[in-house]
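Novice: Please see the structure below; I have some questions.
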Amino acid sequence: MDEVSCHGEISQTMRSLPGQHSVKKQIHSMLRVNLAGEYGAKRIYEGQIAVLKNTPSAPLLEHMRDQELTHLNAFENLVIENHVRPTVLQPLWHVAGYALGAATALLGEKAAMACTAAVEEVIDQHYEKQLTTLGDSHPELSQLITVCQQEEREHRDLAFEQGAREAPAYPLLTGSIKVASRLAIWLSEKV
């Protein structure tokens with residue numbers, strides 16, 4: 001990931017509309033959910049790597065995990081600098097992320113790639129919504145989200161190249177993972 005400067009508190013230049021949460025709450029929610037999501041992604045890859053460590057997919061999974069670690073570190077810094085309370089569901093994402101990664105890897109390399117493709121499609125959409133909400137109001141945060149989004153898209157595309165669509169029960173598997181990912185996003189924004 002390119003170096004992205006995200007130090008210091010995020011300014012409050014975004015305007016909230018009537019009925020919306022305050023700008024500070026919106027930013028805190030974004031940082032909280034992005035931290036949780038990048039943490040969950042790291043755990044998914046750790047579960048997949050544990051199962052597939054001696055397969056041709058291992059180097060690719062390690063590459064994607066390393067990019068997620070960079071994203072995670074950037075959001076951890078912003079959470080600390082902006083005094084954001086992380087989600088209380090972090091222990092759940094610790095277990096659930098690893099379990100999802102390991103379970104899909106146990107189904108085979110293509111199923112692990114299907115998991116990656118499904119999660120990254122949801123994250124791409126999630127980041128796009130955040131970028132639309134931010135507009136031009138927070139260029140440093142927008143730049144970080146844009147870089148993360150580009151790398152998530154790269155992960156999705158690599159997963160497709162590695163045969164994600166050939167996984168057993170691909171529509172059912174990816175549909176279930178997408179629903180779970182959207183639920184995890186919603187919960188992490190709120191709790």
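The values are calculated or read from the model by the stated rules, or taken from the named source; none is laboratory data. Because the structure is a prediction, the values reported are computed rather than measured. Using ideal geometry, Cβ is built from the backbone for each residue, glycine included, and neighbour counts are taken over all protein chains shown.
Novice: Would you mention how many residues in the stretch 124-149 are under 23 Å from S181 (Cα atoms) and among the acidic types (D, E)?
Specialist: Within the stretch 124-149, residues that are under 23 Å from S181 (Cα atoms) and among the acidic types (D, E) number 2.
Novice: OK, next. State all residues of the stretch 74-100 that are among the β-branched types (V, I, T) and farther than 13 Å from M30 by Cβ; if no residue qualifies, say none.
Specialist: Matches in the stretch 74-100: I80, V88, V95.
Novice: Filter the stretch 157-191 for residues that are not in a helix (DSSP H, G or I) and not polar (S, T, N, Q); which is surrounded by the most Cβ atoms within 10 Å (Cβ to Cβ)?
Specialist: Once the filter is applied, the top-ranked residue is A167.
Novice: Kindly provide the set of residues from the stretch 87-107 that are surrounded by 17 or more Cβ atoms within 10 Å (Cβ to Cβ) and either more than 20 Å from A180 (Cα to Cα) or free of Cβ contacts under 8 Å to residues at least 60 places away in the same chain (or both), ordered by number.
Specialist: G97, Y98, G101, A102, A105
Novice: Which pairs have Cβ atoms under 7 Å, sit 6 or more apart or on different chains, and link a residue in the stretch 135-161 that is in contact (Cβ under 8 Å) with a residue 24 or more places away in the chain and closer than 17 Å to N82 by Cα to one that is aliphatic (A, V, I, L, M) and part of a helix (DSSP H, G or I)?
Specialist: L141/L134; L144/A74; I145/L131
Novice: To continue, here is another question. Do we have E76 as within 15 Å of the chain's Cα centre (by Cα) and within 20 Å of Q162 (Cβ to Cβ) here?
Specialist: no
Novice: Quick one: is L158 under 23 Å from V79 (Cβ atoms) and either among the aliphatic types (A, V, I, L, M) or at pLDDT below 95 (or both)?
Specialist: no
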